[in-house]
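The values are calculated or read from the model by the stated rules, or taken from the named source; none is laboratory data. In this text the structure is predicted, and so the values were computed from the model without any measurement. Reconstructed Cβ throughout: ideal geometry from the backbone, glycine too, with neighbour counts over all protein chains shown. These accessible areas exclude ligands, DNA and RNA; they are computed on the full protein's heavy atoms, side chains included. Shrake-Rupley method; radii C 1.70, N 1.55, O 1.52, S 1.80 Å.
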Amino acid sequence: MAIVLFKNALLVTMNPGREVLRSDLLVRDDRIVEINRAGQSKFIEKINRTIDASRWLILPGFIQTHIHLCQTLFRNQAEDLTLLDWLRRRIWPFEAAHDAASMRASARLGIAELLAGGTTTILDMGSVHHYDVVFDELEKWGLRAVGGKCMIDTGDGVPPGLLEKTANSLQESQQLYKNWHGAANGRLRYAFAPRFSLSCTESLLREVGTMAHDLGCMIHTHAAETAAEEEILLQEKKYRSIDFFREMGIAGSHCCFAHGVQVNAREIATLAQDRTGITHCPGSNAKLASGIAPILKMRQAGVRLGLGADGAACNNRLDIFAEMRLAGLLQKLQHGATALSAQTIVEMATIDGARCLNWDDEIGSLEAGKKADLVAINLDAPHAYPLHRENIYAQIVYAVKSSDVCLTMIDGRICYENGEIGNMDVKATLAAAEMEWKKLLHRAPIKG
Ligand SMILES: [Zn+2]
């Protein structure tokens with residue numbers, strides 16, 4: 001049994017009252033057991049480690065509800081392209097060239113970046129193959145994740161290495177669900193992950209809708225990301241993507257769609273009514289010039305909203321602080337300086353992200369009884385001063401940087417502390433990423 005006491009921290013709890021407290025926080029095994037002012041603890045068991053947190057801000061761990069760990073190796077390798085070209089000319093050929101070793105290197109590199117930057121939970125979309133390897137890495141380094149292999153059984157420009165038979169895609173997904181759903185003390189969960197509307201047949205999507213319902217797991221896909229995608233879908237299927245997925249049985253609180261850039265007022269109302277989640281990916285949407293998602297309108301309508309970096313191939317970071325800052329800046333540019341408060345943005349990156357994953361009973365806020373998923377930020381830096389409690393959310397969104405993260409705890413386990421990622425040899429991780437990328441590029445069917 002491990003008992004860790006964080007002493008005298010400034011806690012941004014994100015609890016229902018959104019309390020900000022100067023307090024002690026006690027962790028036993030995988031749970032927060034007590035949040036109390038110094039000297040008021042009723043806890044009598046022996047504490048294994050006491051950490052002086054008086055210079056720290058402690059938050060619930062950040063939740064990114066759209067990540068592609070399989071693309072971390074492709075960082076800076078698919079520049080200045082719009083979405084469909086980016087996919088067809090670069091990302092799909094790269095993904096098709098993955099083998100188990102390159103997938104492991106890609107996942108490990110991404111996990112290292114996420115842990116060092118204070119992200120404790122991700123919703124991850126894999127490539128078509130080797131998702132066992134991704135789960136294996138997630139299990140090893142301690143990140144909490146909902147994830148699944150991506151499903152592709154049709155589509156223009158899909159390389160043969162990624163194109164699956166419908167039945168195989170479903171069967172492999174079910175097998176991964178059996179192997180990993182609920183694994184690692186419940187830290188890993190499965191999600192069906194059809195790639196997007198243009199790369200999946202109707203029969204695949206209908207089956208996914210039914211299976212996810214029967215198995216009680218999530219569905220994660222891309223939706224309404226670009227105008228081009230909406231146009232092609234409208235021509236081919238007579239639907240826009242939110243309606244199309246709904247027609248396929250893919251809507252509801254167990255569904256989380258990345259992007260939602262192109263949604264109109266009617267679709268926003270539908271998403272809110274269905275309780276379907278949307279992940280805002282402002283960095284990816286800006287870099288691929290997809291547009292600015294109507295976050296303010298979605299928020300006002302009551303759509304469940306999370307935040308995510310998407311992949312390193314289009315962002316090119318997996319940095320929640322960069323996403324939070326950009327989310328705020330873009331809405332202000334569009335709607336004026338009062339739009340989207342910093343508190344709202346921190347909510348999207350914590351408790352609301354947990355809601356998108358239907359995991360808010362255990363994560364997303366610092367409360368006794370919840371999982372011990374937290375991030376500590378060291379405030380001793382010129383860019384973080386002066387510190388005022390009343391502006392704490394602005395401090396987090398606009399001033400703090402991911403490099404200020406000094407400790408990341410997940411499920412009660414310290415996964416990152418002062419540059420160390422568990423027992424990972426970080427130098428070896430970087431060297432493996434470099435080497436595996438070179439080998440992958442050699443295999444990739446790139447046409448220029
Ligand atoms: Zn994506």
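Observations, loosely collected:
- Backbone HN-Hα couplings from phi across segment 60-75 [Karplus 6.51/-1.76/1.60, Hz, Gly and Pro as x]: x, x, 6, 10, 10, 9, 7, 9, 10, 4, 5, 9, 4, 5, 8, 4
- Cα centroid of segment 236-275 to Cα centroid of segment 377-437, whole Å: 35
- Total formal charge among the other residues, if their Cβ is under 11 angstrom from that of E137, Lys/Arg +1 and Asp/Glu -1: -1
- For segment 69-208: rounded, prolate or oblate by the Cα gyration tensor [a/c cutoff 1.5]: oblate
- Converting phi to 3J(HN,Hα) with the Karplus coefficients 6.51, -1.76 and 1.60 and the offset θ = phi - 60°, segment 4-14 yields 10, 10, 8, 9, 6, 8, 8, 9, 9, 6, 6 Hz in sequence order, with x at every glycine or proline.
- Residues whose placed amide H lies under 5 Å from that of A309, excluding near-sequence neighbours: H66
- Under the criterion of Cα pairs below 8 Å and six or more residues apart, the relative contact order for segment 157-276 equals 22 percent.
- Per residue accessible area in Å² of the chain, where ligands, DNA and RNA are left out and the probe is 1.4 Å: 38
- Across K287/K401; K7/K371; K332/K370; K238/K332; K238/K287, pairs whose alpha-carbon gap is larger than 24 Å: K332/K370; K238/K332; K238/K287
- Mean-position separation - Cα centroids, segment 152-196 and segment 51-74, in angstrom: 25
- For the chain, the share of accessible area belonging to carbon and sulfur comes to 50 percent (1.4 Å probe, ligands and nucleic acids excluded).
- Prolate/oblate/rounded call for segment 390-435, Cα gyration tensor, a/c under 1.5 rounded: oblate
- Whole-Hz couplings from phi, Karplus 6.51/-1.76/1.60, listed for segment 142-156; x for Gly and Pro: x, 5, 8, 8, 10, x, x, 5, 7, 10, 9, 10, 6, x, 5
- Beta bridges by DSSP in the chain, antiparallel share as percent, to the nearest 5: 45
- From its DSSP helices (H runs of at least four residues, each -39,500 (n - 2.57)), the chain gives a residue-normalised ellipticity at 222 nm of -10500 deg cm²/dmol.
- Charge dipole of segment 191-318 (Cα centre as origin; +1 on each Lys and Arg Cβ, -1 on each Asp and Glu Cβ, all else neutral): 400 debye, rounded to the nearest 20.
- Charged side chains reduced to their Cβ positions (Lys and Arg at +1, Asp and Glu at -1) give the chain a dipole of some 520 debye around its Cα centre.
- In summary, the lysines within cross-link reach of K178, defined as a Cα separation below 19 angstrom excluding same-chain residues under 8 places away, comprise K140, K149.
- Angle between the chain longest axis and helix 100-116 axis [Cα atoms, degrees, rounded to 10]: 40
- For segment 1-106, the relative contact order comes to 26 percent (Cα pairs under 8 Å, sequence separation of at least 6).
- With contacts taken as Cα pairs under 8 Å and at least 6 residues apart, the chain reaches a relative contact order of 22 percent.
- Accessible-area rank, largest first, for S341, S127: S341, S127, with all protein chains present and a 1.4 angstrom probe.
- Global geometry of segment 186-316, whether rounded, prolate or oblate, following the gyration tensor of its Cα atoms and the 1.5 cut on a/c: rounded
- Charging the Cβ of each Asp and Glu at -1 and of each Lys and Arg at +1, and nothing else, the dipole of segment 24-90 about its Cα centre rounds to 60 debye.
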